[in-house]
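Contents: one structure, followed by commentary.
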Amino acid sequence: MKDLITKTIDLRSGTPEEKRREIRDYFLKTWAVDELLYTQLKSDDVFYHRGDPLRHIILFYLGHTAVFFINKLFLGKIIDQRINPKFESTFAIGVDEMSWDDLDNNHYDWPPVPEVRRYRDKAKEAILNIIDTAPLSLPIDWESPFWIIMMGIEHERIHLETSSVLIRQLPLDKVVPNLFGERCAETGSAPQNELIDVKGAAMKLGKPMEHPFYGWDNEYGNYTEEVGDFKAAKYLTSNQEFLGFMEDGGYETEKYWTEEGWNWRNFKKAQMPLFWRKDENGYRLRLIAEEIPMPWNWPVEVNYLEAKAFCNWKSEKAGQTYRLPTEAEWYRLHEVSGLKDVMEWGSAPGNINLEHGTSPCPVDKFKQGDFYDVIGNVWQLTETPITGFPGFKVHPLYDDFSTPTFDGKHNLIKGGSWISTGNEATLHSRYAFRRHFYQHAGFRYIQSDAPLVIKRNDYETDPEVTLASEKDWGDAFSDTPVFAKQLASRIRAILGEDPSAKILDLNADTGRLAFELAPYYNHITALDFTARMLRMANQLQTQGAMRYTMEDENDLVFYREVVLKELGLVEGAEHILFMQADINNLKPVYTGYDLIVMPDILHKLAKPREFLRALPERLNNNGILIIATDYKWDMKDTAHKYWIGGYKKDGEPVTGLDALTKVLSENFDSIREPEDILLTVPKTSRIKELRMQQVTVWRKK
């Protein structure tokens with residue numbers, strides 16, 4: 001293990017060739033430690049088990065980290081050929097518990113483990129070839145091919161953590177201990193916790209764009225928060241300290257829990273933390289691949305809901321307000337403890353970066369200023385739901401890393417754990433999970449009488465999403481005809497009154513077309529590549545409303561709220577299944593439809609002819625295909641050689657309709673005259689782009 005320990009890389013200094021060697025070494029060590037993690041499975045059969053019912057089988061994660069590299073390199077046009085399109089679809093999506101993640105095992109034809117290992121070998125070879133040959137200049141920033149390589153590496157390091165949590169939840173007889181480094185051997189009674197005064201200060205949060213380390217999009221921006229004085233626990237809450245809450249009936253007393261927490265506790269029938277065990281000899285603790293007698297002086301590992309219940313219990317007993325720290329308060333603790341960022345470490349100043357073992361350790365082992373474990377040992381749960389800082393921008397190649405978690409349901413964890421490496425071990429790292437999820441996470445409580453202020457952004461401000469929202473729902477605020485509504489009326493005329501008809505929408509955007517069809521048809525699957533769009537559609541489906549801003553003039557904006565009921569679109573909303581999918585590499589599960597509609601998406605396909613020729617197998621007999629397009633090809637999406645029309649051949653013009661007819665005629669008959677429908681794409685309240693979509697209708701032969 002020790003020869004695999006490394007740190008994230010300075011991407012701005014040195015020479016290009018030095019940096020190429022560093023990245024190559026960083027990649028190889030990351031790949032090796034990831035594969036070492038899975039040696040703890042007793043046999044290949046264990047890969048087909050789920051560690052958590054809300055996550056995929058373990059095999060998914062073995063394939064996912066390799067597939068991620070290839071999919072991002074393909075999306076970034078660094079490579080133009082896939083290695084295995086089926087794998088790159090199967091292992092692409094489904095890491096968090098989002099409504100558009102497909103976790104139904106019946107929808108997957110999981111391959112044998114040796115095939116996945118062979119795929120990993122091929123991917124590794126391809127990635128190394130890029131590292132060795134791609135042009136490299138410094139600094140490495142968002143636009144560099146090597147930023148994509150770093151994205152893949154840091155993503156793989158995240159999965160050291162998340163996959164280890166899943167392995168930790170497998171039955172003990174499915175794992176083998178002592179194959180992933182040495183755990184901490186120090187156990188004993190816990191120290192008595194105490195409060196230490198922390199002076200408040202103005203805390204500046206957000207990572208500058210010129211920072212030398214790789215960063216995820218949510219880290220960047222500028223935000224200042226005034227932190228008041230507070231008292232913080234000297235130690236992380238130990239197993240022994242948490243036992244007091246349990247023995248006082250904490251898991252049986254509703255008043256200590258939030259409504260969300262009590263619902264979770266009842267659903268899970270929880271009586272103790274997930275990794276605790278109890279038998280006639282007392283308590284034991286489940287680690288990754290073994291159980292040990294309870295180390296009472298190690299930090300307790302719980303979810304946010306349990307930590308919050310503990311704080312409420314402690315508040316009642318002490319007659320003071322105890323809670324978890326906010327993100328800004330954690331930064332203040334980091335500052336007063338005199339801690340530095342990774343670049344200034346010799347060895348890790350805490351139980352982090354795999355430098356001090358492969359488990360938690362006593363809460364009084366690593367002193368950092370007046371406190372212990374401000375970084376390292378286990379992640380620290382906070383009160384802060386994650387959102388973007390002012391100036392937040394989505395990275396175009398990983399648009400669904402952060403924004404799906406900006407839903408008020410994902411709370412930040414700070415400080416890292418013993419297995420946090422790479423970006424996770426840096427000062428600016430920002431990771432968030434649903435409040436009932438488990439990570440290698442515990443908590444430090446604080447005492448403060450100041451009101452808890454949680455920063456929320458109820459209005460979507462991402463320009464790409466807000467413009468799509470206005471395109472789909474702008475008729476709620478003006479008399480501009482909405483394209484999706486017009487297209488839905490044509491679909492109804494073609495399908496007629498057949499509620500059992502199954503429909504596939506291949507470009508859901510924020511869901512307007514699906515909602516227009518839902519009152520009339522019981523089976524609508526609406527796909528989109530962009531989770532940011534699906535988040536808006538999902539809010540409409542689950543909450544009946546969504547909010548976004550729309551530019552008026554420069555810095556001036558309108559605040560929009562779309563309410564389904566006001567538009568008469570509540571009925572049938574439950575008939576829609578919104579799912580995230582890559583239209584260029586669709587899973588086989590998307591078959592058996594009576595109608596497939598492709599609104600404004602043909603021109604975004606990488607290889608449109610191949611896609612269209614494969615569509616018949618997704619349609620039922622006599623199934624209908626509807627295509628709406630303006631044939632405006634973009635070289636960044638579709639290479640010129642793959643265009644359908646819009647060029648000259650043998651000196652004669654080939655129109656989009658001519659070429660489309662030729663491609664489809666083998667498997668389809670045209671059943672309606674082409675029709676032009678106006679698509680209005682708003683830019684601001686005063687600027688609109690008008691695009692004429694040609695709608696063609698085809699029946700499968």
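The values are calculated or read from the model by the stated rules, or taken from the named source; none is laboratory data. Remember, predicted model here, so these are calculated numbers, not experimental data. Every residue, glycine among them, receives a Cβ derived from its backbone with ideal geometry; neighbour counts consider all protein chains shown.
Observations
- Qualifying residue in segment 450-469 (condition: part of a loop (DSSP other than H, G, I, E, B), touching a residue at least 12 places away in the same chain (Cβ under 8 Å), under 32 Å from the mean Cα position of the chain (by Cα) and within 18 Å of residue 677 (Cα to Cα)): no
- Only residues that are under 21 Å from residue 398 (Cβ atoms) and touching a residue at least 12 places away in the same chain (Cβ under 8 Å) were counted in segment 120-147, giving 16.
- Residue 489 vs. criteria part of a loop (DSSP other than H, G, I, E, B) and either farther than 25 Å from residue 566 by Cα or not assigned by TED's automatic domain parsing to the domain that holds residue 229 (or both): no
- Contact map, segment 507-527: first residue surrounded by fewer than 24 Cβ atoms within 10 Å (Cβ to Cβ), second residue part of a strand (DSSP E or B) and of a type in the set (Ser, Thr, Tyr), Cβ cut-off under 8 Å, separation 6 or more or different chains; pairs are 525/593.
- Some residue of segment 612-624 being β-branched (Val, Ile, Thr), surrounded by fewer than 14 Cβ atoms within 10 Å (Cβ to Cβ) and modelled with pLDDT of 95 or more: no
- Some residue of segment 18-34 being under 15 Å from residue 165 (Cα atoms) and in contact (Cβ under 8 Å) with a residue 40 or more places away in the chain: yes
- The residue of segment 194-245 that is modelled with the lowest pLDDT, among those that are more than 26 Å from residue 309 (Cα to Cα) and of a type in the set (Phe, Trp, Tyr), is 223.
- Figure legend. Inter-residue proximity from segment 678-701: first residues in contact (Cβ under 8 Å) with a residue 40 or more places away in the chain, second residues hydroxyl-bearing (Ser, Thr, Tyr) and in a strand (DSSP E or B), beta-carbon distance below 6 Å, spacing 6+ or different chains. Indicated pairs: 688/680; 698/670.
- Considering only residues in segment 170-204 that are under 30 Å from residue 222 (Cβ atoms) and surrounded by 17 or more Cβ atoms within 10 Å (Cβ to Cβ), the one that is nearest to the chain's Cα centre (by Cα) turns out to be 203.
- Yes/no for residue 139 being touching a Lys or Arg at 6+ places or on another chain (Cβ under 6 Å), assigned to a loop (DSSP other than H, G, I, E, B) and of a type outside the set (Ser, Thr, Tyr): yes
- Test: residue in segment 178-193 that is assigned to a strand (DSSP E or B), touching a strand residue (DSSP E or B) at 6+ places or on another chain (Cβ under 6 Å) and aliphatic (A, V, I, L, M): no
- Within segment 201-319, strands (runs of 3 or more DSSP E) holding 2 or more residues that are hydroxyl-bearing (Ser, Thr, Tyr): 223-227
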